[in-house]
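Okay, so here's the structure we're looking at.
The values are calculated or read from the model by the stated rules, or taken from the named source; none is laboratory data. All values derive from a computational prediction rather than experimental measurement. Note that each Cβ is placed from the backbone with ideal geometry, even for glycine, and that neighbours are counted across all protein chains shown. Ligands, DNA and RNA are excluded from the accessible area calculation, which covers all protein heavy atoms including side chains. Shrake-Rupley method; radii C 1.70, N 1.55, O 1.52, S 1.80 Å.
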Amino acid sequence: MLGYIASRAFRALVTILLVLTFAFFILNATGDPAILILSADAPPEAIAAFREEWGLNAPLWKQYLGYLWNLAHGELGRSMRDGRDAWAVVSERIPVTLAITIPALIIKLVIGISAGIIAALWRDTWIDRLVMAFSVTGYTVPSFVLGLGLMLVFAVQLGWLPAAGADSWRHAILPIVTLGVAGAAVLARFTRSAMLEVLGQPFIRTGLAKGLVWRAVVIGHAFPNAAIPTLTIAGFMIGSLVAGAVVVESVFAWPGVGRLLVSAVGNRDLMVVQAILLLVTVTMVSANLIVDIVYGFVDPRLRTARGGLARGGT
């Protein structure tokens, strides 16, 4: 088991390094921050001083090595806009984002898993068709379209809720519902498929033949086995708590990390963008790593087959 965990942890670290490397070079290839921040009309002396202050005169490979060196020492740089510590700028927005993403995650898990199980148990009935219609609609409709639709109905036409901002708990309802509904639709679809596959297995018929009641078979045998593939989707949703809120925060003017990312990209504040990408990458990779480890405990075949490398990497 230790070898299995070590191999997954190593792949997680490599994934984080690759993502940060790719992001660093892509961001630096999109334009000169000195000109984009100070404007092309700024005096040449001011642009030269800005480049000197932020080390932009150095070759790109040297900037990259410096970035990795600072990162290894826990330094994420300073905001090019106001000189504040980049991580401080990001960290103060994290609680604001979690205020809508954690309730949304609960909605996803509760409604999505429950709806998927119900649809599987009542397969080919009106209940199943209703759940699948909800799933297909939630899966295909973009989150910004859903958010704008909810805003139009409940904020503009009915006036029940505020349209945007973060002044009270009522402002969080529409962003939470937008995030929760979309995720629940996806999870319901995967849960239904996993349950139908398990319900068709011989051990389900064997349990019923031995006299077990249907409820006991579903709770004690079907759902635990169906939970294994569903766990992957749930892990991805947990890992995307921050990244998944980017569009929704922009639609509802919610001042979280997602909106900060959009603003930082537009302002060419590279240090803040890289700090957010590091947060998102570590969160998603860590969630996938935990799911991999849980898989190893739930299904021993994954850690014994071919020396613990039966599944794909993180």
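Membrane-span-like helices in the chain (whole DSSP H runs, Cα extent of at least 27 Å along the helix axis, mean Kyte-Doolittle hydropathy of at least -0.5): 2-28, 94-121, 173-199, 270-298. Taking label positions 7 Å along the Cα-Cβ direction at both TRP61 and ALA164, the computed distance is 4.6 nm, reported to one decimal. Approximating the spin labels as points 7 Å out from Cα along Cα→Cβ, the LYS210-to-ALA42 distance works out to 7.3 nm.
Taking the accessible area of the chain, probe 1.4 Å, and keeping the other protein chains in place, the carbon and sulfur fraction comes to 69%. Shown for region 1-89 is the translational diffusion coefficient from the Stokes-Einstein equation, using the Kirkwood radius over Cα pairs, a temperature of 4 °C and a viscosity of 1.567 mPa s: 85 µm²/s. Grab every C-alpha pair in region 94-255, bin the distances at 5 angstrom width from 0 up to the longest one, and report whole percents. Per 5 Å bin, starting at 0, the Cα pair percentages come out as 1, 9, 17, 17, 16, 13, 9, 7, 5, 3, 2, 0. Computed extension gain for ILE35 through ALA49, at 0.36 nm per residue and net of the alpha carbon distance, reaches 3.9 nm. For trypsin sites (Lys or Arg not before Pro), the sites in region 196-268 that DSSP calls loop and that have at most 11 other Cβ atoms within 10 Å are LYS210. Computed extension gain for THR232 through LEU148, at 0.36 nm per residue and net of the alpha carbon distance, reaches 27.3 nm. Among the chymotrypsin sites (Phe, Trp or Tyr not before Pro) found in region 162-252, not one is both in a DSSP coil and sparsely packed, with 11 or fewer other Cβ atoms within 10 Å of its Cβ. Region 1-75 and region 97-169 have their alpha-carbon centroids 38 Å apart. In the context of the full set of protein chains, residues of the chain present 52 Å² of accessible surface per residue (probe radius 1.4 Å, heavy atoms only).
Taking a ≥ b ≥ c as the square roots of the Cα gyration tensor eigenvalues, region 33-79 comes out prolate, since a/c reaches at least 1.5 and a/b is larger than b/c. In a fully extended conformation the segment linking LEU130 and ILE94 would gain 9.3 nm over its present Cα-Cα distance, using 0.36 nm per residue.
The ILE219 and PHE10 beta-carbon pair, evaluated with R₀ = 45 Å, returns a calculated FRET efficiency of approximately 0.75. Note on Rg and Dmax of the Cα atoms in Å: of the candidates [x] 23.8, 86; [y] 18.6, 55; [z] 19.2, 58, the value calculated from this structure sits at [x]. Proximity of backbone amide H atoms, modeled 1.01 Å from N, is registered between ARG78 and ALA86 at under 5 Å, excluding neighbours fewer than 5 places apart on the same chain.
For region 113-174, the Cα gyration tensor yields ellipsoid semi-axes of 31, 12, 10 Å (square root of five times each eigenvalue, largest first, whole Å).
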